[in-house]
Every structure is written in structure tokens, then in C-alpha cells.
1. Assigned to a loop (DSSP other than H, G, I, E, B) and within 9 Å of the chain's Cα centre (by Cα): does that describe Ala102?
2. Those residues that are in contact (Cβ under 8 Å) with a residue 60 or more places away in the chain and crowded, with 22+ Cβ neighbours inside 10 Å, I need them from region 109-124; list them, please.
3. When you go through (1) over 20 Å from Arg122 (Cβ atoms); (2) in contact (Cβ under 8 Å) with a residue 40 or more places away in the chain one by one for Arg61, which number turns out not to apply?
4. Can you say whether Phe25 is in a loop (DSSP other than H, G, I, E, B), in contact (Cβ under 8 Å) with a residue 40 or more places away in the chain and among the hydrophobic types (A, V, I, L, M, F, W, C), as far as the supplied structure shows?
5. Cβ-Cβ distance below 7 Å, separation of 6 or more or different chains: which pairs start in region 81-100 with a residue that is free of Cβ contacts under 8 Å to residues at least 40 places away in the same chain and farther than 24 Å from Ile46 by Cβ and end on one that is crowded, with 16+ Cβ neighbours inside 10 Å and among the aromatic types (Phe, Trp, Tyr)?
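The values are calculated or read from the model by the stated rules, or taken from the named source; none is laboratory data. Remember, it's a predicted structure, so these values are computed and weren't measured experimentally. Heads up, the Cβs are rebuilt from the backbone with ideal geometry, glycines too, and the neighbour counts pull from every protein chain shown.
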Amino acid sequence: MKITIGSDHGAVELKEEVKKVLAEFEGVEVKDVGTFGTDSVDYPDIAEKVCADVTSGQSDRGIVLCGTGIGISIAANKINGIRCALCHDVFSAKKSREHNDANVLAMGGRVIGFGPASEIVRAWMTTDFEGGRHERRVNKIMALEKK
């Protein structure tokens, strides 16, 4: 599985911790699209880079991070083909995969600690989409992009 990850300056430290968690998974390849320091950058630019990899098929999923996770998740969800879930607990992370087939995870570096973030990433990475009635709903979500 290929994962593209990116953050703005407000979540660089969290991004590095998330990359350590992703390294626990055998066969997971991680591409980091930045940012790599604490100089201010615009989170929509980071969301666009991560989501471009997901929508083009270069990556299977993406992880986006900013100070709160809010702005970058909004930006990510503006991109056709993206179902980005802002998660700050394990339950939401699991449900975002089971029910929504979320292909991008968002978290906030100033909102969540490394321990909870690690557990969220583990849950999100190991939870599969249930399909069934949820597939019908995901198809309806994706159809909204065409309206």
C-alpha cells in the first residue's frame, strides 16, 4: 500500500510521528510531500499535493495534517474523488473507513497528542470498508461532485 502524507507548519512534528507509525506496517510505502520545517505554508497547497497522488492512483490513501485538521480537511474535500475524514478519536477513524471508505485521513497537530494520533492511524490503516448499504451511500456522496 502506498500512502502520501503532508502537513503545514502547524503539524510537522505530528507528521514525523505518524510516519513512524506507518513504518510499523509491512509493505507500506510512504511519500512525504512536505512541509519540512516550521516556516509558514498554506495548507491548501499541501492538501492538493497529497490528494493529487490519491486521485491519480499513485497512492492508495493520503494523510493530511494542519494545526487543527479543519482547514486541510476542507481543502482536501474540495478535490473530486476525495473522501477526507477529520478524526481525533479511534472510533471515528474506524467508522470513516467502515462506513465512508475514507481515502484521506486528517488530524490536527495542535489538537491531538502523539499517542492518540498513533492509535488513530493504526485503526484507520487496519480497518476495511464494509461495502453493502454503505457503498450505496458512498456512491451518493461521490455523485454530489457532479451536481
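1. Values: assigned to a loop (DSSP other than H, G, I, E, B): yes; within 9 Å of the chain's Cα centre (by Cα): yes.
Criteria met by Ala102.
2. First, the residues of region 109-124 that are in contact (Cβ under 8 Å) with a residue 60 or more places away in the chain: 109-110, 112, 114, 117-118, 121-122.
Residues satisfying the conditions are Gly109, Ala117, Val121.
3. It is condition (1) that Arg61 fails.
4. The answer is yes for Phe25.
5. Every condition considered, the pairs that remain are Glu98/Phe129.
Yes or no, residue by residue, for (1) under 14 Å from the mean Cα position of the chain (by Cα); (2) surrounded by 15 or more Cβ atoms within 10 Å (Cβ to Cβ); (3) among the β-branched types (Val, Ile, Thr):
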| position | (1), (2), (3) |
| --- | --- |
| Ile5 | yes, yes, yes |
| Val12 | no, yes, yes |
| Lys20 | no, no, no |
| Ala23 | no, no, no |
| Glu26 | no, no, no |
| Asp39 | no, no, no |
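Every residue, every condition in (1) out of contact with any strand residue (DSSP E or B) (no Cβ under 9 Å at 6 or more places or on another chain); (2) assigned to a helix (DSSP H, G or I); (3) at pLDDT below 95; (4) over 14 Å from Ala102 (Cα atoms), yes or no:
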site: Ser40; (1), (2), (3), (4): yes, no, no, yes
site: Cys51; (1), (2), (3), (4): no, yes, no, no
site: Thr55; (1), (2), (3), (4): yes, yes, no, no
site: Gly62; (1), (2), (3), (4): no, no, no, no
site: Thr68; (1), (2), (3), (4): no, no, no, yes
site: Ile72; (1), (2), (3), (4): no, yes, no, yes
site: His88; (1), (2), (3), (4): no, no, no, yes
site: Ser92; (1), (2), (3), (4): no, yes, no, no
